[in-house]
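Single-structure report; data block below.
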Amino acid sequence: MTTETSQGKPAENPPTTGPFGQFLKDHGINSSPLPASSGVETLEVDSKDLTAALRLLRNSAEVALDFLVTVSGVDSPDTFDSVYHLWSYSNKNELVIKVRIAKATVKADYLPEVPSVAPIWQAANWHERETFDLVGIRYLGHPYLRRILNPWDWEGHPLRRDYRQPVDALNDKSPGSFR
Amino acid sequence: MATEIKSDRLKTDEMIINMGPQHPATHGVLRLILKLDGEIVRHVEPVLGHLHRAQEWQGQNRTWFQYQALIDRVDYLSGMFTSWALARASEHVDGTEVPERAEYLRVLASELNRISSHLLWLGTYLIDLGALYGFPFYPFREREKILTFLEEISGQRMMFNYIRIGGVQRDPKADWFKRVEAFTKEFPERVNEYEAIVTENPIFLDRTTGVGVLPKSLAMEYGVTGPSLRASGINYDLRRFKPYSVYDKLKFDVITFDKDGDTRDRYLARVREMRQSNEIIKQVIDMIPQGDIMAKTKKQNAGLRVKAGEGFAAVESPRGVLGCYVVSNGSDKPYRFRWRNPSFSNLSVLPPLLIDRPIADVMAIFGSLDIILPDVDR
C-alpha cells in the first residue's frame with residue numbers, strides 16, 4: 001500500500017486505529033486508518049458510509065466535530081480523493097476523512113461520484129461545488145451542483161493532472177479558436 | 001420594514017436585479033442576482049469567479065519558492081496571513097523548526113497587518129453605509145503608517161512576501177521597533193477618535209442595530225469564522241483555541257459577545273480587535289528575543305523543497321480561519337495546494353441573512369461580513 005500521493009513510497013509504520021476510528025467502529029461504521037496527516041488522525045471511509053459517518057461525528061455530543069473546515073479534492077496518482085477536514089467549535093478534536101475512488105473504476109468520460117453532504121451540512125455546499133468545478137468529482141444529491149469559480153461553459157476540470165489548457169483566448173487571434 | 005399591501009387589485013411582479021459585478025460597494029467584483037418583491041429581497045444568488053486567478057492551479061505548476069511570492073495576492077489586505085498559513089502547513093509537512101525570533105517577528109508583522117486590514121474595512125464600510133464625507137480617510141491615516149512600517153521590513157506595501165517557509169525574510173533595524181512602539185502608544189487615542197464619530201452615531205445605529213442578525217446555529221452550519229463568528233457569541237479564536245506560534249505566551253482575551261450578533265456587533269468586534277492587536281504588539285516588542293530569523297535547513301532559492309507528505313495548518317486571519325492543505329511528493333513543485341479561505345465560507349452565509357430584508361440593507365450586511373473578493377475567488 002502506498003501512502004497518499006508520495007509516489008510509491010511505502011508507509012514507515014502501518015497506521016493503527018485511532019480514537020475516532022474506534023468510535024465509528026463502535027457505531028457500526030467501517031473505516032480504515034491512513035497515515036496521519038501531520039499528526040492528525042486520518043481515516044478512509046467508503047463512499048456509501050460517508051453521510052452516516054459525518055452525521056454521527058457531528059451530532060454525537062462526545063465527539064462534536066461540528067466544524068467542516070474544508071472539502072478538498074485531490075487527483076492522486078491512482079485515486080480521486082475527496083478530503084474532509086473536520087474540527088470542532090467546542091473542543092480540540094481534529095479529524096481528516098478521505099473518500100477514495102479508484103481511477104480504474106471510473107468509466108471513460110464519466111466523473112468519479114461521491115455522495116454529497118451538502119443536504120445535511122450547508123458548509124459543504126460551496127466547497128463541493130468548487131471541488132466539482134476544479135477537480136471534477138460529482139457529488140451525488142447536491143442541491144445545486146454547477147460550476148462556481150469557472151464560467152458555466154468551461155470545459156474540463158483544471159486541477160486534474162491530465163488537464164491541458166484550452167486554446168489561449170488572449171493571445172490567439174484566430175476567430176475560429178476564440179472561446 | 002415595509003408594510004404589506006393587502007389588495008387583490010394591485011398586482012405586483014417580482015423583479016430580478018443584478019447587483020454587480022461592477023457595483024462599487026462589493027470590494028472587488030461580486031455579482032448578486034437579487035429577486036425583489038418591491039424593496040424586499042426574496043431570493044439571492046451570489047455569482048463568484050470574476051476574480052478567479054487559478055491560484056491552486058498555479059500552486060501545482062510553480063516551484064515552492066515561486067509560489068510563496070505569489071500567494072500574498074489571494075487576500076491583498078492581509079498578505080501576511082496567507083504567507084503564514086502556507087509556511088505553517090509546509091513546515092508541518094517538512095518538520096522544520098522555526099527560530100523563536102522569527103515566530104515573534106511573524107506575530108508582530110501579522111498583528112500590524114491585522115490592524116491595517118481592519119482599518120481599511122472600517123473606512124470602506126462607512127462608505128458602504130453612505131458616509132461619503134471625510135471619515136473614511138481617518139483610518140487611512142493610521143493605515144498609511146502601518147504600511148510604511150511593513151514596507152520597511154518587507155520591501156513591499158501590500159504583497160509582502162515577508163513570511164517564508166522556515167522563518168522570515170529579514171530582520172528589522174533596532175529603531176524600527178522604537179517607531180512601532182511609539183505608534184502603539186498613540187494608536188488607542190486614534191481608535192477613540194473613530195469611535196467618537198461612529199459608535200454612537202444615530203444614523204449608524206439606525207442602519208446597523210438589529211440588521212443582519214447572525215444566529216449561532218446558522219454561523220456554525222455555514223462554517224463562519226473570524227470576528228463575524230465571535231460577534232455571534234461563539235468563543236472561537238484560533239490564537240487562543242489552538243495556540244500556534246508564540247500566542248500561548250502572550251496575554252489577551254478572546255473578544256466575544258453574549259448574544260446573536262448583528263451588524264453593529266461585528267463592527268464593535270473589529271474595533272476591539274484593533275485595540276487588542278495593539279496590545280499584543282506592545283507585548284511582542286517587549287518580549288522579542290535575539291537570534292536567527294530563518295531555519296538553517298531551508299534554502300531561500302529555487303532549491304527550496306518540502307518533504308513528501310501532507311498536512312493542514314490554519315491561522316486566524318482578520319477574516320477568520322485561513323487554512324492551507326498541502327500535499328507534497330518531495331519534488332520541486334507542490335503536488336496539491338488547497339486553500340480554505342475565510343471569505344469563501346463567510347460569503348456563503350449571505351443569502352440567508354439577506355432574505356426578507358430591504359434592498360438598502362444588502363450592502364450594510366454584506367460589508368459587515370468583511371469579504372475580500374480575491375480571497376473568495378482565488
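Observations on the structure shown:
- Computing FRET efficiency as 1/(1 + (r/R0)^6) for B:Asp332 and B:Glu195, where r is the C-beta to C-beta distance and R0 is 60 Å, gives about 0.75.
- Applying the criteria of a DSSP loop state and at most 16 other Cβ atoms within 10 Å to the GluC sites (Glu not before Pro) of the stretch A:31-66 yields A:Glu62.
- For the stretch A:74-120, the Cα-based Rg and Dmax, in that order, read 13.8, 44 Å.
- Relative contact order, percent, chain B [alpha-carbon distance under 8 Å, six or more residues apart]: 27
- Restriction of the trypsin sites (Lys or Arg not before Pro) in the stretch A:95-138 to DSSP coil positions whose beta-carbon has at most 16 other beta-carbons within 10 angstrom yields A:Lys107.
- The protein assembly as shown - charge dipole about Cα centre, Lys and Arg +1 at Cβ, Asp and Glu -1, debye rounded to 20: 940
- Unit Cα scatterers, Debye sum, the stretch B:1-156: log10 I(q)/I(0) for q = 0.13 Å⁻¹: -0.85
- Extension reserve of the B:Gln22-B:Val213 stretch, reckoned as 0.36 nm per residue once the Cα distance is removed: 66.1 nm
- Just so you know, the Rg over Rh for the protein assembly as shown is 0.96, from Cα atoms, with Rh as the Kirkwood radius.
- Rg over Rh for the stretch B:101-163 works out to 1.07, both radii taken from alpha-carbon positions and Rh defined as the Kirkwood radius.
- Calculated FRET efficiency for the pair A:Arg55/B:Val254, C-beta based, R₀ 35 Å, to 0.05: 0.75
- Restraint check, B:Lys178/B:Lys242; B:Lys173/B:Lys296; B:Lys185/B:Lys249; B:Lys145/B:Lys296; A:Lys25/B:Lys307; B:Lys173/B:Lys333, Cα-Cα greater than 27 Å: B:Lys178/B:Lys242; B:Lys145/B:Lys296; A:Lys25/B:Lys307; B:Lys173/B:Lys333
- Label-to-label distance, nm, for residues given as B:Ala69 and B:Glu144 (7 Å Cα→Cβ offset): 3.0
- Other residues whose C-beta falls under 13 angstrom from the C-beta of B:Ile71 contribute a net charge of +3, scoring Lys and Arg +1 and Asp and Glu -1.
- For the stretch B:303-378 and the stretch A:121-162, distance of Cα centres in Å: 16
- The residue list A:Tyr89, A:Pro33, B:Gly291 was ranked by how far each Cα lies along the charge dipole of the protein assembly as shown toward its positive end, using unit charges on Cβ atoms, and B:Gly291 comes out on top.
- Label separation (B:Gln156 vs B:Ala360): 4.2 nm, computed from points 7 Å beyond Cα along the C-beta direction.
- Sparse packing (at most 12 other Cβ atoms within 10 Å of the Cβ) combined with a DSSP loop state is found for the following trypsin sites (Lys or Arg not before Pro) in the stretch A:30-96: A:Lys92.
- For the stretch B:74-118, there are no residues whose amide N sits under 11 Å from a probe point set 7 Å from the Cα of A:Ala36 along the beta carbon direction.
- Surface/4 estimate of mean projected area, convex hull on alpha-carbon atoms of chain B, nm²: 19.2
- Shape of the stretch A:42-96, Cα gyration tensor, a/c cut at 1.5: prolate
- Pair A:Lys107, B:Asn301: separation of 7 Å Cα→Cβ label points (nm): 5.4
- Out-of-range pairs (alpha-carbon distance over 28 Å; input B:Lys35/B:Lys216; A:Lys92/B:Lys298; A:Lys48/A:Lys103): A:Lys92/B:Lys298
- FRET efficiency, B:Arg275 to A:Ala64 (Cβ-Cβ, R0 35 Å, nearest 0.05): 0.65
- Shape class for the stretch B:80-237, computed from the alpha carbon gyration tensor (a ≥ b ≥ c): oblate, with a/c not under 1.5 and a/b at or below b/c.
- Between amide H atoms placed 1.01 Å from N, distances below 5 Å from A:Leu95 occur with A:Leu86, all of them 5 or more places distant or on a separate chain.
- Rounded to the nearest 20 debye, the dipole size of the stretch B:1-143 about its Cα centre is 340 debye, using +1 on the Cβ of Lys and Arg and -1 on the Cβ of Asp and Glu.
Read-outs: derived from the displayed coordinates by stated rules, not from any lab. What you are looking at is a predicted structure, and each value in this text was computed from that prediction instead of being measured. Please note: Cβ atoms are built from the backbone with ideal geometry, for glycine as well, and neighbour counts cover all protein chains shown.
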